[in-house]
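Q: Below you will find the structure I want to go over with you.
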Amino acid sequence: MTNYIGKAVKRVEDKRFITGKGRYTDDIVLPAMAHAYIVRSPYAHARIISVDTSAAEAMEGVIKVFTGKDIAASGINGIPTGWQVNFKNGETMKEPPHPLLVADKARYMGDAVAVVIAETKEIARDAGDIVEVEYEELPAVADAKKATEPGAPLVHDDAPNNLCFDWELGNPKAEVNEAMSKAHHITTLEFTNQRVIPNAIEPRSAIGHYEEANDKYTLYTTSQNPHLTRLLMCAFVLGIPEHKVRVVAPDVGGGFGSKIFHYAEEALMIWCSQRLKRPVKWTADRSEAFMTDAHGRDHVTKAEMGFDKEGKIVGLRVKTYANLGAYLSTFAPCVPTWLHGTLLQGLYTTPKINVDVTGVFTHTVMVDAYRGAGRPEATYLLERLIDTAALEMKMDPAQLRLKNFIPPFDGVKQPGYQTQVALQYDSGNYHGVLNRAMEMVGYEQFRKEQEAARKEGKLLGIGFSTYIEACGIAPSAVVGALGARAGLYEVGQVRVQPTGKVSVYTGAHSHGQGHETTFAQVVADRLGIPMDDVEIIHGDSESVAFGMGTYGSRSLAVGGSAIVKSLDKIIEKGAKIAAHKLEASEEDLEFAEGKWTVKGTDKSVGFGDVALTAYVPHNYPAGLEPGLDFSSFYDPANFTYPFGAHIAVVEVDKDTGKVALKRFIAVDDVGNVINPMIVDGQIHGGLAQGIGQALFEGALYDDNGQLINGSYMDYTMPRADDLPSFELDRQVTPCPHNPLGVKGAGEAGTIGSTPAVVNAVMDALSPFGIKNLEMPLTPERVWRAMNS
Amino acid sequence: MATKIKVKVNGKTYSHEVEPRTLLVQYLRDVLGLTGTHVGCDTSNCGACTILVDGKAVKSCTMLAVQAHGSEVKTIEGMADNGALHPLQEGFREEHGLQCGFCTPGMIMASADLLSRNSNPSEQEIREALEGNFCRCTGYHNIVKSVQHAAKKINQKEKVAS
C-alpha cells in the first residue's frame, strides 16, 4: 500500500522559504569574515602589461590584493574539465590551462585579473576600482564558425584554428550520403541555436573558511554538486587532501545547470582564506553573473533531412560548430557531443544518421550545460526540420511525425530500441503522447479557426514538438568509455535511529526540486512509516558520504534508486531481527505497513521495535551486527528516456510583429511519478525557459567580444505577463531498469517547448512564405521578416 | 559621514547610524540580519528584494536606508502573525508557488501589495502586478494560482468577519 507515492504531498521545505528563513550562501556570516571583489577584464582579448595594486592596498580597510602573478607563483593548477572528447584522428583534445586569476592575457570579457579582500564588500569594490591594470587590447572573435576561419584571432596559442576537438557519430558519412542521394525530398535548415544565459535568480556566491588550528577548510558555495566541487578543487586545483575539506551547498536559489561546474571563485576563496587565515566571502552581482556564469547552447548548425515519396525519413546529416567559450568548463566537451549527437534519432525510425561536431574556443564566457544541455539543441534541430519538411512537402506536421515514430515498446516484453547514434532507448509510446496533445488542443477545429482567422487577416499558428531526452546520467562504465573523468552513480544512506526515526543522506542536491519531500515520500512508503519520521539531508560533504549531485534530471532516477537500495538492506536486516523477536523463520515473515507479520497470523513486530532492538541488542540474533544503517551506491544500468509532445498556439500581430503565446499544451511521459505536483512544477518551469529561448532570450556579443546585453535591463527573460497558464497532461511508461520506474522531469519542459513555439510562429507566418527565422523571435525580427 | 535613522521594521523600532550610500536592502540584510529579503540583480529589475514600505511594495534596492527614516517597513519575516502564516504564505505552499525559494519573499510582498489594492484580481491582473518580479523556476503558473488561493482565503475571512 502506498500512503504517499503518487500523491501531491505539500513540500516540507517550503516553510523556511515562505517565512524568509531559507539559508542561502550569501546569508551566511562568519566571525571575522572578510569580503572579496574580483577585478575583471573589460576586454574580450587583451595582453596584461601591468597590474598596479598599490593604491588599492593603501586604502583603509583593504586587507590584501592578489593578482594573477601571485596565483602563478603559488604553483596551484587551473580549473580542470571533467570530460575528454578527442579529435577524430585520435589526437587529444586541446585543454588549455584556466588559471584562477590570469597573469598574461585576458581571454574573455570578465576574465579574472585580481582579487581585492577588504573588511567590507563596499571597501573591496571601491578598492577594486583603483586597481590599475594596463591592457593591450587584441582582436577577438566571439562567433564559433568565424573562429575556425583562417586568420581568426587565437584564443590559445596552442589551439590552432581555435579547435578544441572534432567529433563524429552515427553511420559512416558515405552511407548517409548514399541514402540522401536517393531521397525524394531533402529539407535543409541553417540556423544558430543561440547562446542563452541561465540566470538562476540567486547569483553565485562562495565563502572560503580556513581554520588553521585544525588545518581544515570549509567552502560554502552555490553548487548543485558539492562533492564533485570538492573533488575537482582538492585533487586538481589546490592539491589539498580531500578529508581536510568540507563543502557545503546550503539552500541554493536555482541552478539550471549553471551551478554544476567548479568555478574559479570557489577555489580562489579557499586559497585566499588559507593565505589570510580569515573567512572570505565573494558574491557575484548580477552583471558579474552575466559575464561569468557558464552560458548555454550556442551552436551554428546545418541540418538536412531526407524523405521518401511517402514522407518516411531516409536520412539525417548534421554539421555543428559548438562554441565552448574561452576555457573548458566542467562538462563543456560532453554537451555538444554525447548529449547532443546521441539524441538525433529523436522519436523517429531514421535509418541513417551522421552528425559531425566541431568544438571551438572563442573569446567569450565558457559554455556548458544549461537545462537540457545538448538535448534541446538536438530536439530543436529535428523538430524544426520536421515542421519545415511538412510545409515543403505539403503534408500535415502531426501526421508526418506519426508516420515516422518508433512503434511502442516497454523494454520488458519488447526490447529497448537501438538507435543509429549509440543509445538504446529504455521504453516508449510516442504515438500516445502526440495523439493526446492533439486531442487537447482540438487540432481539427483549430485548423478551421486558423483558416477563418486568416481570412480576417489574423495570423494564428500552431507548432508541434515531439522530443526524447536521455536522463538519469549515467552508467559509469558507459560514460567512462565516452570520455567522462568521473563515475556518475549516486549515493544514498539510510540511518534508522534507535527510536525508529529515519535520517536519509543523499548525494543529490535540491535547489528547488523538492527532494526533501519526494525522497521522503519514497522512504516513508517503503518503510511504512509517517513522512514526519523521515528527514532528508543533502548538500554537505561532512554529513553525506559522497555524491555526484543534481543535473541531467538524475536525482530521483539515480539518487532515489540509491536510497531504495539502502532501504532494501534495512528491510532485509530488519527481517532477521523481527524473526528473532517473533521466534519465527525469516521466510515466514512479510513486511507491510511498517511491520513484520508471521504470514497467516496476527503475530507481528513493528518497525520502531525492530529499530530499538538493533541498537539495544540484548536479545538478538547470533552473529548479526547491531545497528540499522546502510549506505549504497547505485550505478544505473542505462540512461532513462522521458519523452513527450508539446503544442504551441500563437498569434502574431501583423502591425508590430509581436508574438502572443495563446496556449501551450504539454503531454509528457516521465515514467512513474512520485509527486505529481512537483513534477508539474518542474514542467512549468522548464516550459518557461524553453519559451524564453524561442521568444525573448539570447546573449549578444559584438565583434570585439563585448557582451552587450549583460544585465536585466538588456537581456529579456519571460515575465509573468509574457506567458499563459500551461495545459498539462501525462502518460506513464515506466522505466524498466530502475527500482522506482522513474525517468526524470527536470529538463523535459525546456527540451520540448522551444521548437514548438518557433514552429507555431512559422506556421502563422507561412502566408508570407517565411520558412525560417533565427531565435529569439522578437517583434522586430518578425516585423522585418513580414515587411521585407 | 554616517547618518542616524529610525525605522520601524516588522513592528519593532530600530535606530542605527548608516552610511548615506547604504541601500535599504543592505540595511535589512547586513545590519538587521533579515536575510529573507534577497538580492537578485543590480538594476532593480528582478524584484527579489521587494518589501512593503508604509504598506506599498518597494524594491528595497531602489531606496537608500536613509530614505526609510521614519517609515514603517514590512519584510517577509513579518508576514506571519504569531506563527500563523499569512494567506499568501499559505497560498504559495498549497499551490506549489515556489521551488528554489529565492524569488519567493519578493513575490509574496509584491502580491501583498496587489491584494491590498485589489482583493479579487483576475489572472491577467495578477500577471501584470507581478511583472516586476522574476521567477526562473515556476514559469509563474503556480504563482498565479497561489495568489488566487490567498485572495479567496482573505475574502472568505472578511465575509465571515462581516
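Q: Mind checking which lysines have their Cα closer than 20 Å to the Cα of B:Lys157? Skip sequence neighbours fewer than 8 apart in that chain.
A: Those lysines meeting the cut-off are B:Lys145.
Q: If you don't mind, there's one more thing I want to ask. Going through region A:52-128, which GluC sites (Glu not before Pro) have at most 11 other Cβ atoms within 10 Å and a DSSP loop state? List each step's numbers first, then the result.
A: On the way: sites: A:Glu57, A:Glu60, A:Glu91, A:Glu119, A:Glu122; in loops: A:Glu60, A:Glu91, A:Glu119.
Hits after loop and neighbour filter: A:Glu60, A:Glu91.
Q: Using unit Cβ charges (K, R positive; D, E negative) and no other charged atoms, how large, in debye to the nearest 20, is the dipole of region A:382-452 about its Cα centre? List each step's numbers first, then the result.
A: On the way: 8 positive and 10 negative charges, 30 e Å.
Charge dipole, region A:382-452, about its Cα centre: 140 debye, nearest 20.
Q: Would you be so kind as to identify which of A:His243, A:Val318, A:Phe331 lies farthest towards the positive end of the dipole of region A:195-349, taking Lys and Arg as +1 and Asp and Glu as -1 on Cβ and the Cα centre as origin?
A: A:Val318
Q: I've got another one for you. For Cα pairs less than 8 Å apart in space and 6+ apart in sequence, what is the mean separation divided by the residue count of region A:630-765, i.e. the relative contact order in percent?
A: The normalised contact order for region A:630-765 reaches 40 percent.
Q: For peptide B:89-98, how many partner chain Cβ atoms fall within 10 Å of a residue's Cβ, on average?
A: Counting Cβ atoms of other protein chains within 10 Å of each residue's Cβ and averaging gives 5.
Q: For region A:298-355, what is the convex hull volume of the alpha-carbon atoms per residue, in Å³?
A: 76 Å³
Q: Still on this structure: Would you work out the relative contact order for region B:87-161, in percent, from Cα pairs under 8 angstrom that are 6 or more residues apart?
A: After rounding, I find 52 percent.
Q: While we're on this one: Diagonalise the Cα gyration tensor of chain A and give the resulting equivalent ellipsoid semi-axes, square root of 5 times each eigenvalue, largest first, whole Å.
A: 41, 39, 23
Q: Moving on to the next point. Provide the FRET efficiency to the nearest 0.05 for the A:Ala622-A:Lys458 pair, computing r from the beta carbons and using R0 = 60 Å.
A: Details: r = 82 Å, r/R0 = 1.36.
Computed FRET efficiency for A:Ala622 and A:Lys458: 0.15.
Q: Please give the total accessible area that chains B and A bury against each other, computed with a 1.4 Å probe and expressed in Å² to the nearest 100.
A: Between B and A, the summed buried area is about 4200 Å².
Q: Tell me, what is the FRET efficiency for A:Glu542 and A:Ala103 to the nearest 0.05, using R0 = 35 angstrom and their Cβ-Cβ distance as r?
A: 0.55
Q: If you project the alpha carbons of region B:87-161 onto their three principal axes, what span does each projection cover, largest first, in Å?
A: 37, 22, 17
Q: Over all residues in A:707-719, what is the mean tally of Cβ atoms on other chains that come within 10 Å of each residue's Cβ? Kindly include the intermediate steps, with their values, before the conclusion.
A: Working: counts 0, 0, 0, 0, 4, 9, 5, 2, 1, 0, 5, 5, 11.
Neighbouring Cβ atoms belonging to other protein chains average 3 per residue here.
Q: What's the whole-number percent of alpha carbon pairs in region B:3-78 lying beyond 17 angstrom?
A: So the portion of pairs separated by more than 17 Å is 33 percent.
Q: Find how many whole Å separate the alpha carbon centroid of region A:561-617 from the alpha carbon centroid of region B:4-53.
A: Computed from Cα coordinates, the inter-centre distance equals 54 Å.
Q: Let me ask something else. In the structure shown, do any of A:Lys413/A:Lys501; A:Lys413/A:Lys599; A:Lys182/A:Lys771; A:Lys662/A:Lys771; A:Lys182/A:Lys458; A:Lys277/B:Lys74 have a Cα-Cα gap over 29 Å, and if so which?
A: A:Lys413/A:Lys501; A:Lys413/A:Lys599; A:Lys182/A:Lys458; A:Lys277/B:Lys74
Q: What aspartates and glutamates could a cross-link reach from A:Lys573, if we take a straight Cα to Cα line under 20 Å and drop same-chain neighbours fewer than 8 places away?
A: Partners within reach: A:Asp525, A:Asp533, A:Glu583, A:Glu586, A:Glu587, A:Asp588, A:Glu590, A:Glu593, A:Asp609, A:Glu625, A:Asp629.
Q: What's the whole-number percent of alpha carbon pairs in region A:1-61 lying beyond 20 angstrom?
A: Counting pairs separated by more than 20 Å, the tail of P(r) holds 65 percent.
Q: Something else about it: Choose one of B:Val7, B:Ser146, B:His96: the residue whose Cα lies farthest towards the positive end of the charge dipole of chain B (beta-carbon charges +1 Lys, Arg; -1 Asp, Glu; about the Cα centre).
A: The Cα lying farthest towards the positive end belongs to B:Val7.
Q: What whole-number distance in Å separates the alpha-carbon centres of region A:720-788 and region A:143-219?
A: Going from one Cα centre to the other spans 23 Å.
Q: For A:Val335, what is the net charge nearby, where nearby means another residue's Cβ is under 12 Å from its Cβ and Lys, Arg count +1, Asp, Glu -1?
A: Charge balance near A:Val335 sits at 0.
Q: Whole Å is fine, so just give me how far the alpha carbon centre of region A:271-290 lies from that of region A:368-422.
A: Rounded to whole Å, the Cα centres lie 45 Å apart.
Q: Of all DSSP beta bridges in the protein assembly as shown, what percent run antiparallel (nearest 5)? Let's see the in-between values first.
A: On the way: 118 of 146 bridges.
Close to 80 percent.
Q: Choose one of A:Ala159, A:Thr362, A:Gly698: the residue whose Cα lies farthest towards the positive end of the charge dipole of the protein assembly as shown (beta-carbon charges +1 Lys, Arg; -1 Asp, Glu; about the Cα centre).
A: Working it through, the farthest residue towards the positive pole turns out to be A:Gly698.
Q: Residues of region B:45-81 with amide nitrogen under 17 Å from the 7 Å Cα-to-Cβ point of B:Val31?
A: Of the residues in region B:45-81, B:51-54, B:60-75 have backbone N under 17 Å from the label point off B:Val31.
Q: For a paramagnetic label modelled at 7 Å from the Cα of A:Gln399 toward its Cβ, which residues of region A:439-454 fall within the zone defined by backbone nitrogen distances under 15 Å?
A: Zone members listed by number: A:443-445, A:447-448.
Q: Okay, moving on. Per residue, how much accessible surface does region A:293-446 expose to a 1.4 Å probe? Answer in Å², no decimals. Don't skip to the end; give the middle numbers.
A: Numbers: 3890 Å² over 154 residues.
I get 25 Å² per residue for region A:293-446.
Q: Next up: List the pairs from A:Lys21/B:Lys12; A:Lys64/A:Lys94; A:Lys319/A:Lys352; A:Lys145/A:Lys312; A:Lys455/A:Lys654 whose alpha-carbon separation is above 25 Å, in the order I gave them.
A: A:Lys64/A:Lys94; A:Lys145/A:Lys312
Q: Additional query: Could I have the simple spin-label model distance between A:Met33 and A:Ala72, label points 7 Å from Cα toward Cβ, reported in nm to one decimal?
A: 3.3 nm
Q: Using a 7 Å offset from the Cα along the Cα-to-Cβ direction at both A:Asp410 and A:Ser788, what is the distance between the two label points in nm, to one decimal?
A: For A:Asp410 paired with A:Ser788, the spin-label model returns 5.2 nm.
Q: Using a Gaussian network model of chain B whose springs link C-alpha atoms within less than 10 Å, name the residue from B:Tyr140, B:Tyr14, B:Tyr27 with the highest mean-square fluctuation.
A: Ranking B:Tyr140, B:Tyr14, B:Tyr27 by mean-square fluctuation puts B:Tyr14 first.
Q: Quote to one decimal, in nm, the extra length available between A:Asn672 and A:Lys244 on full extension: 0.36 nm per residue of separation minus the C-alpha distance between them.
A: Extra length available between A:Asn672 and A:Lys244 comes to 150.0 nm.
Q: Along its principal axes, what span do the Cα atoms of region A:489-634 show, with the longest given first and each in whole Å?
A: Reported extents, whole Å, longest axis first: 47, 28, 24.
Q: What does the structure give for A:241-253 when I average, per residue, the other chain Cβ atoms found within 10 Å of the residue Cβ?
A: Counting Cβ atoms of other protein chains within 10 Å of each residue's Cβ and averaging gives 1.
Q: How charged is the neighbourhood of A:Ile63? Take every other residue with its Cβ under 13 Å from the Cβ of A:Ile63, and add Lys/Arg as +1 and Asp/Glu as -1.
A: +3
Q: Rounded to whole Å and ordered largest first, report the semi-axes of the equivalent ellipsoid of region B:16-157 derived from its Cα gyration tensor (root of 5λ). Write out the running numbers ahead of the final one.
A: On the way: eigenvalues 129, 50, 36 Å².
Working from the Cα gyration tensor, I get semi-axes of 25, 16, 13 Å.
Q: Which lysines does A:Lys603 reach when only Cα atoms under 18 Å apart count, and residues fewer than 8 places away in its own chain are ignored?
A: A:Lys576, A:Lys581, A:Lys595
Q: Something else now. Once both labels are modelled 7 Å past Cα along the beta-carbon direction, what's the A:Lys173-B:Ser116 spacing in nm?
A: Each label point lies 7 Å from its Cα, and together they span 6.7 nm.
Q: Can you tell me the dipole magnitude for region A:665-788 around its Cα centre, using point charges on the Cβ only (Lys, Arg +1; Asp, Glu -1), in Debye to the nearest 20?
A: 200 debye
Q: If R₀ is 35 angstrom, what is the calculated FRET efficiency for the pair A:Arg447 and A:His185, using the beta carbon separation as r and rounding to 0.05?
A: 0.95
Q: Please report, in debye to the nearest 20, how large the charge dipole of region A:489-634 is about its Cα centre when each Lys and Arg carries +1 at its beta carbon and each Asp and Glu carries -1 there.
A: Roughly 140 debye for region A:489-634.
Q: Let me ask something else about it. Could you tell me the extents of region A:549-668's C-alpha atoms along the three principal axes, largest first, rounded to whole Å?
A: For region A:549-668, the Cα spread along each principal axis is 84, 32, 24 Å.
The values are calculated or read from the model by the stated rules, or taken from the named source; none is laboratory data. Just so we're clear, the structure is a prediction, and the values are computed from it rather than from any experiment. Neighbour counts are summed over all protein chains in view; Cβ atoms, including those assigned to glycine, are modelled from backbone coordinates with ideal geometry. Calculation scope for accessible area: heavy atoms of the full protein, side chains included, ligands and nucleic acids excluded. Shrake-Rupley method; radii C 1.70, N 1.55, O 1.52, S 1.80 Å.
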